[in-house]
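The values are calculated or read from the model by the stated rules, or taken from the named source; none is laboratory data. On a predicted model such as this, the values are computed, not experimentally measured, just so you know. Methodologically, a virtual Cβ is constructed for each residue, glycine included, from the backbone with ideal geometry; neighbour enumeration extends over all protein chains shown.
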Amino acid sequence: MNWLEALLLGILQGLTEFLPVSSSGHLTIGQELLNLDTSAADNLLFTVTVHAATVLSTIVILWKEIERLFKGTFFTTKWNDEKTYVTKILLSCIPVVIVGLFFKEYVEAIFGSGLLVVGCCLLLTALLLTFAYYAKPRKKEDISYRDAFIIGLSQAIAVLPGLSRSGTTIATGLILGNKKEKMAKFSFIMVLIPILGETFLNIIDMIKDPALIGGIGAMPLLVGFFSAFLSGCLACKFMINIVNKGKLIYFAIYCALAGIATIIFSI
C-alpha cells in the first residue's frame, strides 16, 4: 500500500464511519477497486490506525458532550442525568461486546466472503433507512434503558460488512420513537467503547505476535491516519446536521444504488 492508496482509503474510512453507508463495506469495495493485495498484517495495522483516527475525530467534534458526561459521572457522588446517560451507553455496548468476544471468528469469516455479502447488506441498510424515514412513531423525550439495549442489538448486527453501524443504530432509535436530534450523538458516542476495545485487543495481538505489525510503512500509516481524522471530523459534524434535518432518505437511495452495483460487479 502506497501513500496515495492510504490517503484514499483513509478518507473513505473517515467519511463512511459516520455517514450511514457502511465503512467496512466501502473499505472492502475500495480495496477491490484499487486492486490491493495487502497481507492480513498490513490490513490489521491499517485498520487499527484509521479506527484510532475516527475515534479521535468523534472526541474532537463531541468534546463538550463527552466532557460533560465525564465530569458528571466521575466528579460527583450524586446520581444525575450524566450517570443515567453513561449507564445507557454501557448497556447498549453489551451485545456488541458479546459478539466480539464469542463470535469474532464467524464475523471475520463473513468479512472474507466477498462483495456479494457487502452488496446485500447495503440493500438492507437502504431498506432500514427508508423505513426509518417514513415511520411516524410516537416521540419520546428520552432514550430509555430498553431502547438503549435494542439499539445496542442493532449495533451488534451491524458488524456485518455493508450494514451501516451509524445508519442501523440511528434508524433503530428513530423507529423506536426517539428524537432525531438525540440519536446521532448517542449513536456516535456509543461506538467509542467498542472501537476502543477492538483497537486495544488488536494492539495486544500485535504485541504478542510482532509479525502482525506487517510492512506497510510509516508514511502510508501517517497519511491514512490524518486523512481519516480530518474526513471523520467533517463527516461527524455533517451527519449530526443531516439527522437533525431528517434527510436520511438520500442515503437510502445511495445505499440501494451502491448495493445493486456491488452485487452486479461481484457476479
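Residue-by-condition table, conditions (1) farther than 20 Å from Gly30 by Cα; (2) in contact with a Leu (Cβ under 8 Å, 6 or more places away or on another chain); (3) of a type outside the set (Gly, Ala, Ser):
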residue: Arg138; (1), (2), (3): yes, no, yes
residue: Ala148; (1), (2), (3): yes, yes, no
residue: Thr168; (1), (2), (3): yes, yes, yes
residue: Asn202; (1), (2), (3): yes, yes, yes
residue: Ile207; (1), (2), (3): yes, no, yes
residue: Leu222; (1), (2), (3): no, no, yes
residue: Leu230; (1), (2), (3): no, no, yes
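From the list Ala228, Ala211, Ala171, Ala218, the lone residue that is more than 19 Å from Ile61 (Cβ to Cβ) and modelled with pLDDT of 90 or more is Ala171.
Is it the case that segment 232-254 has a residue that's buried (at least 21 other Cβ atoms within 10 Å of the Cβ), more than 24 Å from Val191 (Cα to Cα) and not acidic (Asp, Glu)? No, every residue in segment 232-254 fails to be buried (at least 21 other Cβ atoms within 10 Å of the Cβ), more than 24 Å from Val191 (Cα to Cα) and not acidic (Asp, Glu). Selection of segment 1-27 for residues being within 16 Å of Ala218 (Cα to Cα), modelled with pLDDT of 75 or more and assigned to a loop (DSSP other than H, G, I, E, B) yields only Asn2. Residue count for segment 72-111 under the criterion of being surrounded by fewer than 17 Cβ atoms within 10 Å (Cβ to Cβ), among the charged types (D, E, K, R) and part of a helix (DSSP H, G or I): the result is 5. When Gln155 is tested against (1) assigned to a helix (DSSP H, G or I); (2) over 15 Å from Met183 (Cβ atoms), just one condition goes unmet, and that condition is (2). If you filter segment 129-147 down to residues that are among the hydrophobic types (A, V, I, L, M, F, W, C) and either in a loop (DSSP other than H, G, I, E, B) or surrounded by 23 or more Cβ atoms within 10 Å (Cβ to Cβ) (or both), you find that the one that is modelled with the lowest pLDDT is Ala135. Against the conditions (1) closer than 14 Å to Glu198 by Cβ; (2) modelled with pLDDT of 75 or more; (3) of a type outside the set (Ser, Thr, Tyr); (4) over 14 Å from the mean Cα position of the chain (by Cα), Gly30 satisfies every one except (1). Selection of segment 153-199 for residues being touching a His at 6+ places or on another chain (Cβ under 9 Å) and among the polar types (S, T, N, Q) yields only Thr199.
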